[in-house]
Amino acid sequence: MNTPLQKPIWDRQENEPSLWYGRFRVFLLMGPSRSVTDVFLQEKKSEKGRKIPPGNWYGASKEWCWEERAQAYDAHWIKEQDKIIAQERAKVVRSGFALQHKRIQALDRLVNKLLEMEEEDEKVWVPGQKVFWNGKSAETIDTITFNHQLYTLIRKYLGDIALEMGERKQKIEVEDVGTTDEKELHDLIMNALAPFPEAKWALAAMLDDYAKSHQS
C-alpha cells in the first residue's frame, strides 16, 4: 500500500525520461491487451516502414518496469471501481422500493383505491348482457356479474402488506372448503343474490351452459 508520501508506481519515476514516460502512459491506458508493439505502431502510424519496435523500446520497457507498473495500475483501477459499485449499490438499497416502508406505502395506496371502488355498487355488481339462442332467434337478457376479481386484489394486497410487516408467513395454506353441504352452498348463493333477481337468472343460465358443455 502506498503511504501518503509515496506516489503510485505508475506515476513518473525518479530519473525516468519524459519521452519514455510518455510512451509508458500510452502503454498504460491501452488496457489489459496493451503491448510495446502497439505503442510503437501508434506513434509511427503516419510513417511507412518497420512494424516491429527497435531493441531500445523493449530495453526501456524492462528498465522502467512497464508490465509491473501497468499491472499495479490495473489492480488499483479495479479496486476503485469496486468501491464505486459498492457505493452505488448502497444508494440503491437505501432508496425507492428497496425500502420496506416505500413498498408498504405503495401497497396501501393500491388497497385504498380498490376500497374506493368497492363503495360503488356498479363496480361490485357489473351490469352486462348475454345473448341466448332458442332455435331460430336470439334473446338478449340483462346480466349482473359479481366482480370477484376486485375482492381478490384487495385480499392479495392486504396479504402483501402483512407479509412486508412480518405478520404472515410466505406459505399460504389452502382452506378446506369441500365440507360445505351443496344445499347450504346453494342457499347461501341465492340469499346473496336475493336483491338482484337478474343475477339469479344470469347464474342459472351460466350453470345451464356449463352443464351442457360437460355432458358426455
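Computed from the coordinates by the stated procedures, all read-outs in this text should not be read as laboratory data. These numbers were taken from a predicted model, which means no experiment stands behind them. Here the Cβ is made from the backbone with ideal geometry for all residues, glycine too, and neighbour counts use every protein chain on show.
By the beta-carbon count within 10 Å of each Cβ, the least crowded to most crowded order of HIS148, HIS76, fewest first, is HIS148, HIS76.
For VAL131 and LYS44, the difference between the fully extended length at 0.36 nm per residue and the C-alpha to C-alpha distance is 22.8 nm. When the trypsin sites (Lys or Arg not before Pro) in the stretch 40-133 are filtered for DSSP coil states and for at most 14 other beta-carbon atoms within 10 Å of their beta-carbon, the remaining sites are LYS44, LYS45, LYS48, ARG50, LYS51, ARG94.
Magnitude of the charge dipole for the stretch 1-81, about its Cα centre and with charges confined to Cβ atoms of Lys, Arg (+1) and Asp, Glu (-1), is about 360 debye.
If one puts a single equal scatterer on every Cα of the stretch 1-81 and applies the Debye formula without solvent, what log₁₀ I(q)/I(0) results at q = 0.24, 0.27 Å⁻¹? Here the Debye-derived log intensity ratios amount to -1.22, -1.43. Please give the net charge around MET30, taking every other residue with its beta carbon less than 15 angstrom from that of MET30, where Lys and Arg add +1 and Asp and Glu add -1. So the environment of MET30 carries a net charge of +1.
For LYS91 paired with ASN15, estimate the spin-label separation in nm (one decimal), with each label point 7 Å from Cα along the Cα-to-Cβ line. Going from the LYS91 label point to the ASN15 one covers 4.6 nm. Which residues does a label at LYS7 reach in the stretch 25-53, if reach means a backbone N under 18 Å from a point 7 Å past the Cα toward the Cβ? Label zone hits: 25-29. If the limit is 21 Å between Cα atoms, which of LYS123/LYS156; LYS7/LYS45; LYS130/LYS156; LYS113/LYS156 go over it? In this structure, LYS7/LYS45; LYS130/LYS156 exceed 21 Å between Cα atoms. Distance between the pseudo-spin-label points of GLU122 and TYR151 (7 Å out from Cα toward the beta carbon): 2.2 nm.
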